[in-house]
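**Student:** Before I ask anything, here is the structure I am working with.
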Amino acid sequence: MCGRNSLFIDQADLEARFDAEVVADGGYTPRYNIAPGDDLHIVTNEAPDEIDAYHWGLIPFWADEPEEGIINARSKTADEKRVFERAWESRPCLVPSSGFYEWKSPNGGSKQPYRIYREDDSAFAMAGLWDVWEGDNETISCVTILTTEPNDLMNSIHDRMPVVLPQDAESDWLTADPDTRKELCQPYPKDDLDAYEISTRVNTPGNDDPQVIEPLDHEQSGLGEFSSG
């Protein structure tokens, strides 16, 4: 799954990276610890030249009152779920990220958080679906992040991972038909993702600062180094 995200690239670099302009009402503030229920900055298929902020958690259209919503959707079965039906059919989006977080429980012990990021890219895109929940007195634009099976890197940490899109597939994700998009929902195929242990400061959403991404052991910053001993 993907239960925590970050996006702390400078706004000018973010806009250049996705060839889009920030239009969110609250503007853009770098975030190191984005939790479910917070806003995620996204790029939708309906406005590919804009970066807007949507509630992280897709709220079922039948809900009488707003709720936290569904933060992740399994890409393999999303097209079969009533809650994602219209979003899967026609509402794909990109979810920019500077790195996401996952927790591993070694030998059933306490959970150790990891930061997963792309070495050669200060921001990458995860595949998402967006929707709009409509209540009696308000509407909420919301988003969920699609997940898939882990690649080799993530397999040692967790049994799921977000659908991380290669950069050359980002525009296809926004413009392709549903069947083609489903084919894009694969474990990240390249080897430029890396991961390292971080402190449990990330467990508290209120901790939203650069300290969150500091390696737990500054002498061992790569997953391969501390998993081979």
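The values are calculated or read from the model by the stated rules, or taken from the named source; none is laboratory data. All of these numbers come straight from a predicted model, not from anything done at the bench. We place every Cβ from the backbone using ideal geometry, glycine too, and count neighbours over all the protein chains shown. When the accessible area is computed, the model is the full protein with side chains, heavy atoms only, and any ligands, DNA or RNA have been set aside. Shrake-Rupley method; radii C 1.70, N 1.55, O 1.52, S 1.80 Å.
**Student:** Residue by residue through the stretch 62-88, note down the ones that are part of a helix (DSSP H, G or I), of a type outside the set (A, V, I, L, M, F, W, C) and surrounded by 13 or more Cβ atoms within 10 Å (Cβ to Cβ).
**Tutor:** In the first step, residues of the stretch 62-88 are kept if they are part of a helix (DSSP H, G or I); the result is 78-80, 82-88.
Filter once more, so that each one left must be of a type outside the set (A, V, I, L, M, F, W, C): 79-80, 82, 85-86.
Result: D79, E85, R86.
**Student:** All but one of (1) surrounded by fewer than 21 Cβ atoms within 10 Å (Cβ to Cβ); (2) assigned to a loop (DSSP other than H, G, I, E, B); (3) not aromatic (F, W, Y) hold for C2; state the number of the condition that does not hold.
**Tutor:** Result: C2 passes all but (1).
**Student:** I'd like the residue in the stretch 85-129 that is polar (S, T, N, Q) and either modelled with pLDDT of 95 or more or closer than 17 Å to C2 by Cα (or both) and, out of all such residues, is nearest to the chain's Cα centre (by Cα).
**Tutor:** Checked the stretch 85-129; the qualifying residue nearest to the chain's Cα centre (by Cα) is S97.
**Student:** May I ask you to list the residues in the stretch 29-54 that are open to solvent by 30 Å² or more (accessible area, probe 1.4 Å) and among the aromatic types (F, W, Y)?
**Tutor:** The answer is Y32, and nothing else.
**Student:** For the structure I just gave you, tell me whether G57 is open to solvent by less than 60 Å² (accessible area, probe 1.4 Å) and either farther than 15 Å from L129 by Cα or in contact with a Gly (Cβ under 8 Å, 6 or more places away or on another chain) (or both).
**Tutor:** yes
**Student:** Considering only the stretch 1-57, how many residues are over 11 Å from the mean Cα position of the chain (by Cα), closer than 18 Å to A123 by Cα and polar (S, T, N, Q)?
**Tutor:** 4
**Student:** Residue under question is L129, and the condition is that it be open to solvent by less than 10 Å² (accessible area, probe 1.4 Å) and in contact (Cβ under 8 Å) with a residue 40 or more places away in the chain; does it hold? So that I can check it myself, show each step before the final result.
**Tutor:** Numbers: open to solvent by less than 10 Å² (accessible area, probe 1.4 Å): yes; in contact (Cβ under 8 Å) with a residue 40 or more places away in the chain: yes.
Here the answer is yes, as L129 does meet what is asked.
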